[in-house]
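The next block holds one structure in the form of structure tokens; read it before the comments.
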Amino acid sequence: MHPAVISRLAPTPSGFLHLGNAFNFLLTWLLVDYMDGHLLLRIDDLDAPRVETAFVEDIFVQLEWLGISYDSGPSGPDELLSKYSQRLRKEHYFETIELLRKSGHLYACQCSRAEIRKLTTTGIYPGTCRRNKYPLENNDQAWRVQVPEQTLVSYSSFSKKIKTINVTQNMGDFIIKRRDGLPAYQLASLVDDLDAGVTLVVRGQDLRTSTAAQLYLAKCLNEKKFPASRFVHHNLIKNDSGQKLSKSKNSFSLQMLQKKYRTPTWIYQETAKRLKLPFHEILILKDLKEVFKIHMDLKPDFLSVLD
Ligand SMILES: [Zn+2]
């Protein structure tokens, strides 16, 4: 018997999906499928000005092309808007922000991006406005959460190794409510994961800092279940010049790959390759699923790829 596993695909519709997104979706789908878990689709569309209809549509088109099914979430762009959009959940995010405010975790920050760049070379906000004690009620200011010196959070990797991250060093006092009044990504993402009862998070290594931020917020909110989740931070797929893929129209966008290869076989093989699985025999998703299952059953070395 496996424990109940709930995980999510959480794309942001700020560009066209690329090979890196496909890898993340396939790995998440494979893990959830292997553990008989529940997979949900959550589209991170809170930041309306960055969301374009074409990008939202692309998510559904590519999931279908890849053959990735999920158990709950929007079935298409219309249902997203009418039932699942994060914009419908704003009040709920603000309730959580209110809890943080009441427990004294938040302070107002009036620094502009340019000012912050002058204050720090690392991009980590040094907590300058903590001592200014601006009234939180003012408009046109961000709310940040205080992260005390040497704040550490720990989480369990897929193979249940305990990993520790320093939140102070990696995130500093990060933003909870943006200057434009919207809940910040870290807050919205955590609230969504808490509501869905997520117990497995699969994301790229570049988002380890988000894991740190969200675990710290969960601690501030006295949440016990989410911190006990398992976190997989996988390698990122780079382009030929060694840079992380971006969501612009490039040769690794799923749209382009679909035009080039017609079937997703190449993507399944690339996924297997990156998981250090034998890939030559893989043609369809079922093949990938079987190879994955055999190696999961055998475990030892293969699992280290998931740490
Ligand atoms: Zn400030």
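For the reader, a short list of remarks on this structure follows.
- Considering (1) open to solvent by 30 Å² or more (accessible area, probe 1.4 Å); (2) in contact with a Phe, Trp or Tyr (Cβ under 6 Å, 6 or more places away or on another chain); (3) small (Gly, Ala, Ser), the lone condition that residue 218 does not fulfil carries the number (1).
- Residue among 50, 131 that alone is at pLDDT below 95, more than 30 Å from residue 22 (Cα to Cα) and either of a type outside the set (Ser, Thr, Tyr) or within 16 Å of the ligand (Cβ to nearest atom) (or both): 131
- Within region 76-127, restricting attention to residues that are surrounded by 16 or more Cβ atoms within 10 Å (Cβ to Cβ), within 15 Å of the ligand (Cβ to nearest atom) and of a type in the set (Ser, Thr, Tyr), the residue that is nearest to the chain's Cα centre (by Cα) is 125.
- Highlighted here are the helices (runs of 4 or more DSSP H) found entirely within region 189-307 that include at least 1 residues which are free of Cβ contacts under 8 Å to residues at least 24 places away in the same chain: 254-261, 265-274, 285-298, 300-303.
- The number of residues in region 147-167 that are farther than 28 Å from residue 300 by Cβ and in contact with an Asp or Glu (Cβ under 6 Å, 6 or more places away or on another chain) comes to 1.
- Enumeration of residues in region 134-144 that are among the charged types (D, E, K, R) and either within 25 Å of the chain's Cα centre (by Cα) or within 9 Å of the ligand (Cβ to nearest atom) (or both): 144
- Pairs are defined by a Cβ separation below 7 Å, a sequence spacing of at least 6 or placement on different chains, a first member in region 127-145 that is outside any loop (DSSP other than H, G, I, E, B), and a second member that is more than 9 Å from the ligand (Cβ to nearest atom) and of a type in the set (Lys, Arg); the pairs so defined are 142/177; 142/178; 142/179; 143/177.
The values are calculated or read from the model by the stated rules, or taken from the named source; none is laboratory data. On a predicted model such as this, the values are computed, not experimentally measured, just so you know. As a convention, Cβ positions derive from the backbone with ideal geometry for all residues, glycine included, and neighbour counts pool all protein chains shown. Accessible surface areas use protein heavy atoms only, side chains included; no ligands, DNA or RNA. Shrake-Rupley method; radii C 1.70, N 1.55, O 1.52, S 1.80 Å.
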